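Each reported figure results from applying straightforward, stated rules to the coordinates on display, with no laboratory input. Computed from a predicted model, the values in this text were never measured in an experiment. Counting neighbours? That spans all protein chains shown, and the Cβs are built from the backbone with ideal geometry, glycine included.
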Amino acid sequence: MLLDLRLRPWVKLAAVALAIVGVVVAINVVRIRQEKHRLMQTVEAQGRELQQARVQLQEARHMLSRAENKLGFLSRHKTPVQVTAYTGQGSFANGERTAGVYAVPHHVLPRDKVMRVALSPTARRRLNARFKDYIALLDAQGRTARLAQFVDTTAEREERPVVDIYFADAQEAVIFGRQRYMAVNISAAGSPFAAP
């Protein structure tokens, strides 16, 4: 019994210590579970971001592939032409009236408009062009392209590969003169630019 009286304070102390340790362990377990939950949410969010990045990468690869295909087409099919200016009233050879169509207003070719052009027989053959085909005109450095539509023909006796551009003003046409460009028929069969 004496031993029992001596152990009682220690038993109470041990019980209190175990209770404190239990509370600390319980608090740590709750904290660890919350951190694990937060970590899982972070991992899931990063997984979604990674999946989205993979989709964007796949789209970028597809766009790059299409762009490389188009650049390859331009490179393989370009032909040198002499671009000159012309003016006139009436109709183009395809029957379209000149009065209602876009004509280049200044001696600098616009980048944001579709110009009306006439092709010489040689240019028409080299470009394998038909009326209403779209022709890309690339400057000498190949850095900028202008878009034109084949709507008229030059004189049959013209032997050079000539592209005549329809200008609104004769004075501006004279200032433009003759310039060297590379031309590509982007409406041709097999063109990646042509509508499917």
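A Gaussian network model of the chain, with springs between Cα atoms under 10 Å, assigns the largest mean-square fluctuation among ALA26, ALA136, ALA67 to ALA26.
Within the chain, the longest run free of chymotrypsin sites (Phe, Trp or Tyr not before Pro) that sit in a DSSP loop with at most 16 other Cβ atoms within 10 Å is 1-101.
If both residues of a DSSP beta bridge must be in the chain, then about 60% of such bridges are antiparallel. Principal semi-axes of the equivalent ellipsoid, √(5λ) from the alpha carbon gyration tensor of segment 1-77, are 73, 8, 5 Å from largest down.
The alpha-carbon of LYS113 sits under 18 angstrom from the alpha-carbons of these lysines, leaving out residues fewer than 8 places away in its chain: LYS132.
Mind pulling the angle between the C-alpha long axis of helix 2-77 and the longest principal axis of the chain? Nearest 10 degrees, somewhere in 0 to 90. The two axes meet at around 10 degrees. Only helices enter this figure: runs of n ≥ 4 DSSP H residues, each worth -39500 (n - 2.57), summed and divided by the residues of the chain, yield -16500 deg cm²/dmol at 222 nm to the nearest 500. As a proxy for reagent exposure, ranking ARG143, ARG126 by other Cβ atoms within 10 Å from fewest up yields ARG143, ARG126. If only the Cβ of Lys and Arg carry +1 and only the Cβ of Asp and Glu carry -1, the dipole of the chain around its Cα centre is close to 940 debye. Summarised as an ellipsoid, segment 79-185 has semi-axes of 18, 17, 13 Å, derived from the eigenvalues of the Cα gyration tensor scaled by 5 and square-rooted, with the largest first. Electrostatic bookkeeping for PHE150 treats Lys and Arg as +1 and Asp and Glu as -1; over the other residues with beta carbon under 10 Å from its beta carbon, the sum is +2. Counting Lys and Arg as +1 and Asp and Glu as -1 over every other residue whose Cβ lies under 12 Å from the Cβ of GLN41, the net charge comes to +1. Across segment 181-187, coupling constants 3J(HN,Hα) worked out from phi with the 6.51/-1.76/1.60 Karplus curve, θ = phi - 60°, read 9, 10, 10, 9, 7, 7, 9 Hz, and Gly and Pro carry x. Stretched out straight at 0.36 nm per residue, the stretch from ALA145 to ARG31 would grow longer than its current Cα-Cα span by 34.7 nm.
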